[in-house]
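Structure first, commentary second.
Throughout, read-outs are computed from the coordinates displayed, never taken from laboratory work. None of the values given here were measured: they were computed from a predicted structure. Ideal geometry is used to build each Cβ from the backbone, glycine not excepted, and the neighbour counts take in all protein chains shown.
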Amino acid sequence: MFAPMHAHAAGEEVITLDTLTVSTKRHDWRYTRSEHFEILSAVDYSKLVSRIMQRAEQIIGTFEKNNPLFRMQRELPAKIIFINDQGIDRYLVLTGKEDLQHAYDRSPMGVSMDRVSSESAKQTSMRGFHDGEQAVFLKLITQAYLDADTSFEERVTENAIDIALNHLLMCVKIQTGHDSPPWLATALNGLRGHSGGFGQAHLVDSFESPIYKYTRSTPPHAYRPAWFSIDDHEMIFGRYCISCETNLLRNASDYPRGTDKKTVALQKKIWRNYALAPNASLGEFLEPRSRKTRHDRHAIANIQASLITTRETRDFMYYCTFMADDKTRAAFARFVVHTEKQQTNESVFKECFGVDYDAFRTRMYDSFKEIARKDSDYSRNPWGPPDIVVAKFNRKDIPPVPKLRPSRRSETARILSDWFVLCGERDIANQVLLKASEASTQARNDPEFVAAFGLSEAAHGRKHSAVAMLEKAMASKQVVRPEAWRTLSRLRLENLLELKGEKHRLTKDELNTVIEPLAEALKQNGASQQTYVQFAQVWTHTDVKLPKEYLDMLAARVRAWPENEELRKVIEKIR
């Protein structure tokens, strides 16, 4: 627990946790909102943070528009907290949930980066947690990263894709109830690959191929697509990079090394037969248990097989999200959710998509080859081009640049407390709110802060103060937070039953008191299924007849959520 606050130096506030001291002096918090986020930043480069968030919103919005799988099914916008390396001890290690101080040393699944980008990733990590109400992310940008010789636009792009991918993977996790399937995480995180795009990369002198012909720049230099690029006009995904792939194969255990004629002839034979066409079954990545154990995974044949499978993994996600018809996109979302509920096999795949693996792969690569017909460099390549434009933008599609302003005490405390709650540190979260309430009149009068503090008090079993705070917040008519209204309704019901007995039947006036907050919650966009379940459960405590309009509303929810057995059973009780 936090010890009482003591005077320190002028203008500085110190909170003591056992022997650990957390000083807030160095943090000049700034705040704003965007379409998908509340943003709190302690990074001393507001222009960079604002542009990062604008691009992240552009990426997220594009995915969200194209496939329902990538929509955040939570009641509140996500929150993101930018910190620098001076904040690690205060907001990461302090949590105790996991040692996040060193978490950024781990590369995300599916990442194939060059050395420079890998080092950058260690300096710009991101972690997030979620509950039934919201997701909160913490984004680390170190001073070493800011001091490095990297262009502004490159920093914007690599951090925007990092934020967007974490958000998208969280959307999948929320919908499936588990981490994303490994193949999907690989496909999405593959977009973090090398950022040197649209330049030239060296190919070995012996490289020659019947399908990979680079008329843009003749070998030994070759076209090198970025895995991801975006501007105000279009978004482009890389599909494969011959430069990267040949470098991997040159390091194979059985690659012929040397410059004599015989060795060069062997090398040319390898390149002439390399990745001539998509030939991996979709089951190779959709059914990981079916993969055979490879005795020498560093051999050319196994490296090539892995690279082809990885290509098809990315292409499957790209195609189902951005290129296929609406029916296929919806089938993709169902399939991913299905993957976590039962073991994936070709029968499950066919149930979702209507065709088997091979038929789907043929359809998918017909689309990529159709794109290639418009480009003479790749018109005869069975894979299609190495990169594709997945979205075109006009002026209306570009989100506004979020404008950061000095954060109010109430905003800082509320967002930091939500982070600590999701890290499992409710005591710290409550103390953050308490200190802000004691120190700031502005915080005590901010309805959103008061609602958050009321929820925290309720979680700690302090019903009296929780009800007082939640009623104050509700009276403002300004708070959009369904969980606050559900909690107020629950506490009012509990108080009535504690006073009059568990078997007490609510009178009409008592029922209205309990229903009033829930009615407010139902008006708010994004109210979860739990709101409807709780609304129905209240009527099990009264003999007052459920009005027809309410019964029709609940019946419509049962039809919309056939998997919600709890709601169906409660409605059966009150009919």
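Rounded, prolate or oblate: which fits region 408-479 when a ≥ b ≥ c are the square roots of the eigenvalues of the alpha-carbon gyration tensor, with rounded for a/c under 1.5 and prolate only if a/b beats b/c?
Cα axes put region 408-479 in the oblate bin.
Karplus-based coupling profile of region 437-443, in residue order and whole Hz: 5, 5, 9, 9, 5, 4, 5, with θ = phi - 60° in 6.51 cos²θ - 1.76 cosθ + 1.60 and x standing for Gly or Pro.
Here the dipole of region 474-575 is about 180 debye; that uses its Cα centre as origin and unit charges on the Cβ of Lys and Arg (positive) and Asp and Glu (negative).
Taking label positions 7 Å along the Cα-Cβ direction at both residue 555 and residue 376, the computed distance is 6.7 nm, reported to one decimal. Between residue 131 and residue 205, the simple label model (points 7 Å from Cα in the Cβ direction) yields a spacing of 6.5 nm.
In plain terms, the chain from residue 545 to residue 403 could stretch by 46.0 nm, reckoned as 0.36 nm per residue minus the Cα-Cα distance.
Over all other residues within a Cβ to Cβ distance under 13 Å of residue 556, the charged ones net out to +2, with Lys and Arg as +1 and Asp and Glu as -1. Remark: the residue 513-residue 475 segment gains 12.3 nm on full extension, using 0.36 nm per residue and subtracting the alpha carbon distance. Residue 347 to residue 298: FRET efficiency via 1/(1 + (r/R0)^6), r the Cβ-Cβ distance, R0 51 Å, to the nearest 0.05? In this case the efficiency is close to 0.90. Alpha-carbon geometry of region 506-574: the Rg and the Dmax are 11.5, 34 Å, given in that order.
Each of the peptides 346-359, 163-176 was scored by the mean count of other Cβ atoms within 10 Å over its residues; in descending order, highest first, they stand as 163-176, 346-359. Cα centroids of region 510-533 and region 375-414: 36 Å apart. Listed values for region 533-539 are Karplus-derived 3J(HN,Hα) couplings in whole Hz (6.51 cos²θ - 1.76 cosθ + 1.60, θ = phi - 60°), namely 4, 5, 4, 5, 5, 4, 6, and x replaces Gly and Pro. Value of Rg to Rh for region 33-83, rounded to two decimals, is 1.01; Kirkwood radius and Rg both from alpha-carbon coordinates. Counting only Cβ charges, +1 for Lys and Arg and -1 for Asp and Glu, the dipole size of region 408-479 around its Cα centre is about 160 debye.
In straight-distance terms, cross-link reach from residue 503 covers every one of the lysines whose alpha-carbon lies under 26 Å from its own, apart from those fewer than eight places away in the same chain; here that gives 463, 545, 548, 569, 573. Scanning residues 5 or more positions from residue 38 or on other chains, those with amide H under 5 Å from its amide H are 78, 79, 80, with H placed 1.01 Å from N in the peptide plane. For residue 208, the shell of other residues with beta-carbons less than 14 Å away shows a net charge of +3, using +1 for Lys and Arg and -1 for Asp and Glu.
Near the amide H of residue 391, within less than 5 Å, lie the amide hydrogens of 235, all on another chain or at least 5 residues away, with H placed in the peptide plane. Annotation: for a label point projected 7 angstrom from Cα along Cα→Cβ of residue 396, residues of region 34-63 with backbone N closer than 20 Å are 35-36, 57-63. Counting charges near residue 157 (Lys, Arg +1; Asp, Glu -1) among other residues having Cβ under 14 Å from its Cβ returns a value of -4.
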